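I have placed the structure first, in the form of structure tokens, so that the comments after it can refer back to it.
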Number of protein chains: 2
Amino acid sequence: MAQQERAVRTRNALIESAAELFCKDGFDVVSLSTISARAGVSNGALHFHFASKAALAAAVWEAAAQRLRRITVEGRARAEAAGGPGAAGSGGSLQVLVDTTHALLRGLRHDVILRAGFDLSESPVPVAAGADLRRRWQTWVEGVLAEAAREGALARDVAPQDAAHAVVAATVGFGALGSRNAQWLSQSMLTRFWALLLPRLATEAALKGLVPSGRREGTAGADAVPPPFRVTARSGA
Amino acid sequence: MAQQERAVRTRNALIESAAELFCKDGFDVVSLSTISARAGVSNGALHFHFASKAALAAAVWEAAAQRLRRITVEGRARAEAAGGPGAAGSGGSLQVLVDTTHALLRGLRHDVILRAGFDLSESPVPVAAGADLRRRWQTWVEGVLAEAAREGALARDVAPQDAAHAVVAATVGFGALGSRNAQWLSQSMLTRFWALLLPRLATEAALKGLVPSGRREGTAGADAVPPPFRVTARSGA
């Protein structure tokens with residue numbers, strides 16, 4: 001049992017080291033011996049766990065996919081705990097979307113495995129068939145915005161699909177720009193993005209309940225809402 | 001003279017082949033001999049022009065930077081030909097921005113050198129100090145939106161800087177997503193993005209003159225405007 005635990009720990013250390021080095025130097029450049037040295041294990045131990053660099057990349061990707069799943073599933077769970085996505089005061093599915101984009105950027109800021117998973121999704125040679133985190137993210141965003149439309153929270157002249165494309169493009173852009181300059185992954189940057197976009201996406205009634213800076217765990221619910229949305233009149237000509 | 005022309009042609013062929021292979025297989029994987037073989041020149045000829053793969057990457061990047069410069073400079077020139085960016089009917093700087101994003105995505109769709117230049121800007125190891133096309137693009141977008149604000153075309157509660165960040169993130173996202181799926185670089189995708197965003201950015205007066213699908217060369221001017229913006233009422237609650 002202790003041996004099995006040690007094996008799991010070694011495997012995780014290898015995945016973490018690989019993720020760090022893939023992000024820093026790029027997948028193609030990194031050698032297996034650099035990865036094992038960084039993880040503090042022998043080359044033999046690495047080869048016991050992973051037959052090739054591709055196998056290691058696939059494991060990094062799988063770990064990242066799990067994290068993305070947790071981020072998106074938790075977003076929904078929080079909304080349900082707050083009385084269901086359509087509940088009054090919870091902000092509905094649009095707020096779930098805002099919260100989850102904040103969780104994703106926070107993840108990209110702090111979690112090298114998540115970052116490496118997205119980077120691997122960008123590489124010319126995919127780590128595995130269908131192994132595209134951005135594609136999974138897109139599917140999730142499309143689902144949440146379709147739900148927001150069903151809740152009647154989307155402005156009448158906004159197609160959920162168009163809104164999804166804009167949100168996916170922007171979040172992928174924040175992630176890509178953030179790999180060079182962490183400013184792009186900051187909460188304030190994303191908050192200003194939502195403060196810009198939400199008045200266009202949401203009906204006026206839905207807009208009032210929305211928090212562009214996102215609600216964190218434990219703060220869900222109508223009266224724990226942080227800085228409320230400043231509803232400003234659209235400036236006409 | 002003929003010899004000099006031949007040298008220029010060889011150099012360009014090498015840059016083009018390198019750009020193609022960098023995009024297809026990634027910078028780190030491609031060998032110099034693959035590049036020279038694709039360009040139909042000898043290894044010796046390659047080494048005559050470029051001392052290293054890094055030197056070749058720098059040349060690809062420089063060619064891409066020139067193309068980006070042309071795209072952004074031409075955008076402004078077209079606007080001025082149509083009576084100055086602030087001229088009635090021309091749509092002002094906001095239209096210049098729309099047109100130029102269309103030109104950029106068209107470039108990324110068709111021009112492998114521009115695409116490679118943006119890819120090289122993303123790579124963990126920069127090809128040269130300050131060699132970041134996305135940073136240059138950001139600076140340009142910020143300038144145009146500041147100008148739109150001076151023209152009074154931006155809605156009162158929209159900060160030019162926030163608008164610039166949203167546009168840069170989205171266009172970088174379209175580019176990144178487009179490297180796997182060309183759909184993201186299509187004119188219709190970008191047109192729907194602008195149809196979503198412009199009613200939020202522009203004053204109602206400015207909005208009427210704007211063409212989300214962009215104006216192409218030769219069509220600038222008030223009465224040659226393609227599908228006009230459908231001004232739809234914001235759906236309140």
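The values are calculated or read from the model by the stated rules, or taken from the named source; none is laboratory data. Just so we're clear, the structure is a prediction, and the values are computed from it rather than from any experiment. Methodologically, a virtual Cβ is constructed for each residue, glycine included, from the backbone with ideal geometry; neighbour enumeration extends over all protein chains shown.
So the values come out like this:
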quantity: Subset of region A:195-237 (residues that are closer than 18 Å to B:GLU204 by Cβ and at pLDDT 90 or above); calculated: A:LEU196, A:PRO199, A:ARG200, A:GLU204
quantity: Filter pass, A:LEU177 being at pLDDT 95 or above, within 10 Å of chain B (Cβ to nearest Cβ) and in a helix (DSSP H, G or I); calculated: no
quantity: Selection within region B:153-174 - assigned to a loop (DSSP other than H, G, I, E, B) and charged (D, E, K, R); calculated: B:ARG156, B:ASP157
quantity: Filter pass, A:PHE27 being in contact with a helix residue (DSSP H, G or I) (Cβ under 8 Å, 6 or more places away or on another chain), surrounded by 14 or more Cβ atoms within 10 Å (Cβ to Cβ), at pLDDT below 90 and among the aromatic types (Phe, Trp, Tyr); calculated: yes
quantity: Count of residues meeting criterion [part of a helix (DSSP H, G or I) and within 11 Å of another protein chain (Cβ to nearest Cβ)] in region A:186-220; calculated: 19
quantity: Output for region A:83-140, where each listed residue is hydroxyl-bearing (Ser, Thr, Tyr) and either modelled with pLDDT of 95 or more or part of a helix (DSSP H, G or I) (or both); calculated: A:SER93, A:THR100, A:THR101, A:SER121, A:THR139
quantity: Candidates B:ALA159, B:ALA164, B:ALA182, filtered to the one that is among the hydrophobic types (A, V, I, L, M, F, W, C), within 11 Å of chain A (Cβ to nearest Cβ), touching a Lys or Arg at 6+ places or on another chain (Cβ under 8 Å) and surrounded by fewer than 22 Cβ atoms within 10 Å (Cβ to Cβ); calculated: B:ALA159
quantity: A:VAL8, sole failed condition from (1) among the β-branched types (Val, Ile, Thr); (2) under 25 Å from A:SER179 (Cα atoms); (3) part of a helix (DSSP H, G or I); calculated: (2)
quantity: In region A:50-74, residue surrounded by the fewest Cβ atoms within 10 Å (Cβ to Cβ) [restricted to those that are in contact (Cβ under 8 Å) with a residue 24 or more places away in the chain and of a type in the set (Gly, Ala, Ser)]; calculated: A:ALA54
quantity: Residues within region B:11-57 that are in a loop (DSSP other than H, G, I, E, B), more than 28 Å from the chain's Cα centre (by Cα) and not polar (S, T, N, Q), tallied; calculated: 3
quantity: Region B:139-156, subset facing chain A (nearest Cβ under 9 Å) and buried (at least 19 other Cβ atoms within 10 Å of the Cβ), residue farthest from A:ARG180 (Cα to Cα); calculated: B:ALA155
